[in-house]
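Here the structure is laid out as structure tokens; the discussion comes afterwards.
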Amino acid sequence: MLDYTKYLLSPAILAVHAYGLWLGGNYVWLGMAVLLGVLFIDAYLPRDYSMRDQRYVRIYDVICAMTVIASFVNIFFFSWLVGQGHFATTSASVGAFVGTLFIGFVIGAPPVHELFHREEFVLRWLGRIGQCLIYDPWREITHVVTHHMRVATPDDPDYARRGDTVYGHILRTFPGQWKEAYHLEKMMWTKRGRQWYDPRNAWVYKAATLVAFTAILYALGGLMGALLAILTLLLGPRMLLEVFNYVNHYGLISATPGRFEKHQTWNHITPMVRILALEITNHAGHHEDSYKPFYKLEPDTNGPVQPQFLLVVLLALVPPLFFMMIKPLLKHWDTHYASPQEREIARRENERAGWHELNSPDPARDLPADVWNMTAARIAA
Amino acid sequence: MIKERAATAPARADLCRVTVRGKDGSEEIFDIRRNDLLLKAAIEQGVDYPHNCRVGVCGSCKTRVLSGRVSPMVDLALSPLTNQEIEAGYVLACQAKVRESLVVEAKLGRHALLPVRTVASRVVRWQRLAGDVIDLRLALDAPVHFNAGQYCTIAESGSFTRRSYSYYDVPPEEGAPAGEVGFLVKRLPGGQFSEWLFEKDRTGCKFWIEGPFGIMGVDDPDRDGLCVAGGTGLAPILSIVGDRLKKSRVARFTIVFGVRTSGDMFANDRLDQLLAAYPDRVRLVTILSHEPADSAWTGPRGLVTAALGEKLGVDFGDVAAFLCGNLAMVEAVEKCLVALGVQPDRIHADKFVPSGTP
């Protein structure tokens, strides 16, 4: 049963955070502290390539749906507490804001992503509604259509090319996504012979959902409560999701857009990140079949791996450090994973980024050939 | 005719049985893994499933689901299917994940599919033609097989940008592979690939080609052909006509070729050679859509659809039609030909859709 209970970690952290908010004062940091503690321990744990138990998979779905609902409760609770003037000190105000922001990203966003990929009506509906938790109901369309079809090419707004910093990526990705979302929405209403303002159009439903969500935040917390709650969602789950995209596809190359191959994404296979992120960092399997539920994803034992997720996200915020970390990995990918055609694209991308050293072999410093290869024997060891 | 590639029931629980029914009563049965894409899995098994782009753009793999369940990878409203087709149960096989055993309706081909390969090559001809067209010819590091009317994707070495072009060559005799292949590339203002190609002579540049893809030139070999080409849509038509002329001693062809002006007639040499080699079996009608009224041109003017009609002297009820050009042109010609009595199953079309510009 351990496989099933593992995923209760996310709602448990949400509960701790909510309790800390309720207690107020310095306790507002409680959820954040637990989350960072878990991620800190995770950084010292070996990679986990195990498959999940498949006997009672409905339990996973229930926990996932429950986490989305609990995330809604959490943000409403935060708004209400702000409206009540509950956070009296600066430390309490900052702690509540930062904790809600960061927990919204790590705990709230993954189940939303998981469910809007699902086929079952109720789960998908919850996933779509759940996009209020990233304050962007349009994120799904550019993700499911554009990102999954064009991953690891500059045609994908979620993709960061070699040499791109996370800050440049954020400035590029949002306009790219908005443009793409408009293009796709317009295609859908045009195909169905409707006017843009037809109430049956998908965008109307999305906009109505967002308005209703905002209205609830306002009703609970007034103007300040709603504003701060929305700000945590925009700066947390919404923007940090783009940091996730930045690191998870950084610099990898596909010469076969539309036909994903497992080596075209990075993976983060540490045990706690797998659990908290609902396996989204177990990324090759997700891109191979985006309909596959998180508990059926099979970690790629020979796939490209980055260091622990939290560390990589933090490094991304300091571009020189991120580049120091990623360059040897990209060089290894170019040498051992890229197809001949992809290798030639990589060579040009390295020149474009000014990373000429990646195009010259250096046997003394290059990573060993099997550094990412996890054979069964090595996993057991 | 029922053609079974599988035992009477799927051997494993993770397999789904797919029964493809043709409108002619034929049936083909095969098994694929649950959650596999219908088109991809069918092609991998050697099933001659109709297809072209394989990424949800061209609509060639249009399939009607009669029973069973598939999940489309994307909202079908974002595909070339019409709203009526979506409501009638059509899906695109290239985007359809198979969830359970299916009975579907599609028109399967009756010839062996060629394996898709990725091959490096060098430009051996970069020749500017009239009408902002380049004749691009590649010598391949390893020879490839292709059928008349097929296409491949090409990409310059080191570039993300890849584009699809039809071979204009006639496939070599006896199924031999080709060591060189050629394409007609039209300059599209702002188009990343074509603008780059036009910038300077690219002879010697390395390219990657991946293919072959698509099915277009398949019909009874001895059936007369009506070929309608818009601009560089002439490339697969040259391949199909040349191939069918070699395979049949009796089939005759009418080529309706539409370009904008008399200054854009980029293929005069090739067409003249074809007419000289087969004077009794090939007829050419060139029609100009934007020729100045005061020019010396005495031939027909207007869109290619204006050249189609009884005056063309074609037995529309018995002809095989091969159409290639931009999406709007091909759709207009399809409608026109159906109205003139061409059997829909005998209309073979390749629709050009401009790609993005990464």
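The table for this structure:
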{"item": "Folded to 0 to 90 degrees: helix A:239-248 orientation relative to chain A principal axis, Cα", "result": "20"}
{"item": "Amide H contacts under 5 Å for residue B:69, placed H, 5+ residues apart", "result": "B:99, B:100"}
{"item": "Long pairs among A:296/A:327; A:6/A:292; B:107/B:335; B:62/B:97, criterion Cα-Cα beyond 21 Å", "result": "A:296/A:327"}
{"item": "Centre separation in Å (Cα based) which lies between the stretch B:303-357 and the stretch A:106-140", "result": "44"}
{"item": "Phi-based couplings in Hz for the stretch A:300-313 (Karplus 6.51, -1.76, 1.60; Gly and Pro marked x)", "result": "7, 6, 10, x, x, 10, 9, x, 3, 4, 4, 4, 5, 4"}
{"item": "Pair residue B:331, residue A:335: separation of 7 Å Cα→Cβ label points (nm)", "result": "5.2"}
{"item": "Relative contact order of the stretch A:276-381, pairs being alpha-carbon contacts under 8 Å that are 6 or more residues apart, as %", "result": "27"}
{"item": "Trypsin sites (Lys or Arg not before Pro) restricted to the stretch A:283-381 and DSSP loop, no more than 13 other C-beta within 10 Å", "result": "A:365"}
{"item": "Rounded to 5, percent antiparallel among DSSP beta bridges of the protein assembly as shown", "result": "60"}
{"item": "Per residue value of the accessible surface for the protein assembly as shown (all protein chains in place, 1.4 Å probe), Å²", "result": "43"}
{"item": "In order through the stretch A:12-27: 3J(HN,Hα) via Karplus (6.51 cos²θ - 1.76 cosθ + 1.60), integer Hz, x for Gly, Pro", "result": "5, 5, 4, 5, 4, 4, 4, 5, x, 4, 5, 5, x, x, 6, 5"}
{"item": "Amide proton proximity set for residue B:323, modelled H, under 5 Å, gap of 5+", "result": "B:228, B:348, B:349, B:350"}
{"item": "The stretch B:153-201 and the stretch A:323-372: distance between their alpha carbon centers, rounded to Å", "result": "29"}
{"item": "³J(HN,Hα) computed for each position of the stretch A:198-203 - Karplus, 6.51 cos²θ - 1.76 cosθ + 1.60, integer Hz, glycine/proline x", "result": "4, x, 7, 5, 4, 5"}
{"item": "Total accessible surface hidden between B and A, rounded to 100 Å², 1.4 Å probe", "result": "2600"}
{"item": "Drop in accessible area of at least 30 Å² in the complex versus isolated chain, residues of the stretch B:130-162, 1.4 Å probe", "result": "B:158, B:160, B:162"}
{"item": "Whichever lysines have a C-alpha closer than 21 Å to that of residue A:186, once near sequence neighbours (fewer than 8 apart) are set aside", "result": "A:206"}
{"item": "Residue mean of other protein chain beta carbons inside 10 Å, A:191-198", "result": "2"}
{"item": "Heavy-atom accessible area ranking, 1.4 Å probe, most first, across B:97, B:351", "result": "B:351, B:97"}
{"item": "Accessible surface of the stretch B:225-352 [probe 1.4 Å, protein heavy atoms]: carbon and sulfur percent", "result": "52"}
{"item": "Residues of type lysines that residue B:247 reaches as a straight line, Cα spacing below 18 Å, ignoring anything fewer than 8 places off in the same chain", "result": "none"}
{"item": "Between the stretch A:243-264 and the stretch B:121-139, the alpha-carbon center distance in angstrom", "result": "32"}
{"item": "Three-way shape label, the stretch A:98-138, alpha-carbon gyration tensor, a/c 1.5", "result": "prolate"}
{"item": "Theoretical FRET efficiency, 1/(1+(r/R0)^6), r = Cβ-Cβ of residue A:43 and residue A:362, R0 30 Å, to 0.05", "result": "0.60"}
{"item": "The stretch A:32-76 shape via C-alpha gyration tensor axes, a/c threshold 1.5", "result": "oblate"}
{"item": "Placed amide H near residue A:289: partners under 5 Å, 5+ positions off or other chain", "result": "none"}
{"item": "Peptide-level mean, for A:256-268, of C-beta atoms on other protein chains within 10 Å", "result": "2"}
{"item": "Average beta carbon contacts from partner chains per residue of A:104-111, 10 Å cutoff", "result": "0"}
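The values are calculated or read from the model by the stated rules, or taken from the named source; none is laboratory data. Remember, predicted model here, so these are calculated numbers, not experimental data. Note: ideal-geometry Cβ built from the backbone for every residue, glycine included; neighbour counts use all protein chains shown. Calculation scope for accessible area: heavy atoms of the full protein, side chains included, ligands and nucleic acids excluded. Shrake-Rupley method; radii C 1.70, N 1.55, O 1.52, S 1.80 Å.
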